[in-house]
């Protein structure tokens, strides 16, 4: 009951979900999926240290890489970007599936930015295929977010447009970011200003996460975490909020 409530409330009422998650842990603390869910709810609620502890426990119980990118993102939120990078170099990181590897790349790019290495962050995303025609929307969003953070507004607009076009699942808030840049268009070059005029209408409810999550509102985001991980599911399948 508490576990179901935690998963249901995680997006809308993360603090209440966190209370339910702790109650579920008190009754099922030796079950991997319980610890996993508690960790993901803690992540949504901004309880970074708790999230790391719970997800680490779930990984020990269930095996596999677990929600490694979420854990790395929590390290960023705790102002430990170097620890996030260390996690990306661990043996478990080699076991990540394609989706998890994308999320980890975005988190590491954000960590590089946190360390004052924006050029290294951009290069990392370029080496991960952001310039390919079929690049993942989350990589495109993270790249645009880094450009925006560096004050390269015109380029950022171009890449947010690419992210919007690629974001069939509406996993990012690219449309909102395009609108923001268009509103500040007095410094946008002419070509990009025309792109801003063609800015897409808001789709019904683009996900914030860029962190996507913008990885939080108190959450990490240097880029931003774009996609929040599903709160319930088998151990090892979640993704971080999108940050870069």
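Observations, loosely collected:
- Where a residue in region 113-134 is assigned by TED's automatic domain parsing to the domain that holds residue 150 and its partner, wherever it lies, is crowded, with 21+ Cβ neighbours inside 10 Å and assigned to a loop (DSSP other than H, G, I, E, B), with Cβ under 6 Å and at least six apart: 113/222; 114/222
- Residue within region 138-149 that is in the same structural domain as residue 76 (by TED's automatic domain parsing), in contact with a helix residue (DSSP H, G or I) (Cβ under 6 Å, 6 or more places away or on another chain), within 23 Å of residue 184 (Cα to Cα) and surrounded by fewer than 24 Cβ atoms within 10 Å (Cβ to Cβ) present: yes
- Considering residues of region 1-54 that are touching a helix residue (DSSP H, G or I) at 6+ places or on another chain (Cβ under 6 Å) and surrounded by fewer than 17 Cβ atoms within 10 Å (Cβ to Cβ) only, the residue modelled with the lowest pLDDT: 28
- Test: residue 95 is closer than 24 Å to residue 140 by Cα and in contact with a helix residue (DSSP H, G or I) (Cβ under 9 Å, 6 or more places away or on another chain): yes
The values are calculated or read from the model by the stated rules, or taken from the named source; none is laboratory data. In this text, all values refer to a predicted model and were calculated from it rather than measured experimentally. Heads up, the Cβs are rebuilt from the backbone with ideal geometry, glycines too, and the neighbour counts pull from every protein chain shown.
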